[in-house]
1. Quick check on region 30-62: of everything there that is polar (S, T, N, Q) and surrounded by 10 or more Cβ atoms within 10 Å (Cβ to Cβ), which residue is nearest to Ala91 (Cα to Cα)?
2. Somewhere in region 68-84, is a residue on the phi > 0 side of the Ramachandran plot and part of a strand (DSSP E or B)?
3. Which of the residues that make up region 48-64 are more than 13 Å from Ser74 (Cβ to Cβ), among the aliphatic types (A, V, I, L, M) and part of a loop (DSSP other than H, G, I, E, B)?
4. Inspect region 28-47 for any residue being at pLDDT 95 or above, part of a strand (DSSP E or B) and among the hydroxyl-bearing types (Ser, Thr, Tyr) and give the result as yes or no.
5. Give the residues of region 55-96 that are among the β-branched types (Val, Ile, Thr), farther than 18 Å from Val25 by Cα, in contact with a strand residue (DSSP E or B) (Cβ under 7 Å, 6 or more places away or on another chain) and in contact (Cβ under 8 Å) with a residue 12 or more places away in the chain, sorted by residue number.
6. Search region 69-92 for residues being polar (S, T, N, Q) and under 11 Å from the mean Cα position of the chain (by Cα), and hand back the single one that is surrounded by the fewest Cβ atoms within 10 Å (Cβ to Cβ).
7. Could you tell me whether Ile66 is surrounded by 10 or more Cβ atoms within 10 Å (Cβ to Cβ), at pLDDT 95 or above, more than 14 Å from Lys92 (Cβ to Cβ) and within 12 Å of the chain's Cα centre (by Cα)?
Amino acid sequence: MKTVNGGTGIPGITADEEKLRIYPVPTAGMITLIIPDHYALNNTELFLTDMQGRIYRKVLLVSRTITLDLEGLSQGIYLLRISGSSGIITAKVIRR
């Protein structure tokens, strides 16, 4: 597994064809995530945290397409971490 810094300061796996897709970013509320096909979903969790590490969402993944509601969160930068048997994927989300 190749690890790189995806701009978050947290290592994650990435390559052009392997990236987690997130839209829209920035968001005013709802975001959609598309998990790469190579990433196994068994025992895989998604965590949404703020920059201090406080967990705001924890979701057990059962699908490659996930919609998250960020409506009740304050404006700012949040980190998404997907962790499972295939490794860790991290990304930044901006809530405006």
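The values are calculated or read from the model by the stated rules, or taken from the named source; none is laboratory data. Keep in mind it's a predicted model, so treat the numbers as computed, not measured. Glycine also receives a Cβ, built like all others from the backbone with ideal geometry; neighbour counts cover every protein chain displayed.
1. Thr49
2. Yes, region 68-84 has at least one match.
3. Within region 48-64, Leu61, Val62 qualify.
4. yes
5. Val59, Ile88 - these are the residues of region 55-96 that are among the β-branched types (Val, Ile, Thr), farther than 18 Å from Val25 by Cα, in contact with a strand residue (DSSP E or B) (Cβ under 7 Å, 6 or more places away or on another chain) and in contact (Cβ under 8 Å) with a residue 12 or more places away in the chain.
6. Within region 69-92, the match that is surrounded by the fewest Cβ atoms within 10 Å (Cβ to Cβ) is Ser83.
7. Judged against the criteria, Ile66 is a match.
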